[in-house]
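Asker: First, the structure itself, so that you have it in front of you.
The values are calculated or read from the model by the stated rules, or taken from the named source; none is laboratory data. Only a predicted model underlies this, so the values are computations on that prediction, with no experimental measurement involved. Reconstructed Cβ throughout: ideal geometry from the backbone, glycine too, with neighbour counts over all protein chains shown.
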Amino acid sequence: MPTIEANTREAFEKEVMNSDLPVVVDFWAPWCGPCRMVAPELETLAKEKEGQIKVVKVNVDINQEAASKYQVFSIPMIGLFKSGELVASSIGAKPKRLIQADLGL
């Protein structure tokens with residue numbers, strides 16, 4: 001499963017808050033160089049963990065409500081949500097293995 005966009009309140013609610021699977025959320029913006037660097041790492045993670053997790057991308061310029069709610073002050077901020085709760089996060093561009101370590105995956 002490729003990454004999923006959740007740039008509206010409704011999409012975030014459906015894809016993250018109401019997900020039966022753990023969700024890795026990439027808070028990013030298109031103008032952010034480190035965000036573009038980490039995107040392929042998250043695509044790989046989504047493919048490797050298909051059926052075990054979901055990877056959702058949230059453009060902070062579009063979905064400012066979610067970015068504010070989860071206090072995203074620096075991007076990329078990658079959060080792990082379980083049962084609608086943010087349980088772990090990783091800030092900055094990192095290789096997939098370090099993102100997984102930060103999130104406990």
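Asker: Filter segment 54-85 down to the residues that are touching a residue at least 60 places away in the same chain (Cβ under 8 Å) and surrounded by fewer than 21 Cβ atoms within 10 Å (Cβ to Cβ) and list them by number. Explain how you work it out, then say what you get.
Answerer: Applying the first criterion (touching a residue at least 60 places away in the same chain (Cβ under 8 Å)) to segment 54-85 yields 66, 81-82, 84.
Of everything in segment 54-85, those that are touching a residue at least 60 places away in the same chain (Cβ under 8 Å) and surrounded by fewer than 21 Cβ atoms within 10 Å (Cβ to Cβ) turn out to be Lys82, Gly84.
Every residue, every condition in (1) hydrophobic (A, V, I, L, M, F, W, C); (2) touching a strand residue (DSSP E or B) at 6+ places or on another chain (Cβ under 7 Å); (3) at negative phi, yes or no:
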residue: Pro2; (1), (2), (3): no, no, yes
residue: Glu5; (1), (2), (3): no, yes, yes
residue: Pro22; (1), (2), (3): no, yes, yes
residue: Val25; (1), (2), (3): yes, yes, yes
residue: Pro34; (1), (2), (3): no, no, yes
residue: Glu41; (1), (2), (3): no, no, yes
residue: Thr44; (1), (2), (3): no, no, yes
residue: Val55; (1), (2), (3): yes, yes, yes
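Asker: Glu50 fails exactly one of the following numbered conditions: (1) within 18 Å of Thr3 (Cα to Cα); (2) at pLDDT 95 or above; (3) of a type in the set (D, E, K, R). What is the number of that condition?
Answerer: Single failed check for Glu50: (2).
Asker: Still on this structure, please answer the following. Go through (1) over 17 Å from Gly33 (Cβ atoms); (2) in contact with a Leu (Cβ under 9 Å, 6 or more places away or on another chain); (3) modelled with pLDDT of 95 or more for Leu98 and report which single condition fails.
Answerer: That leaves (2) as the condition not met.
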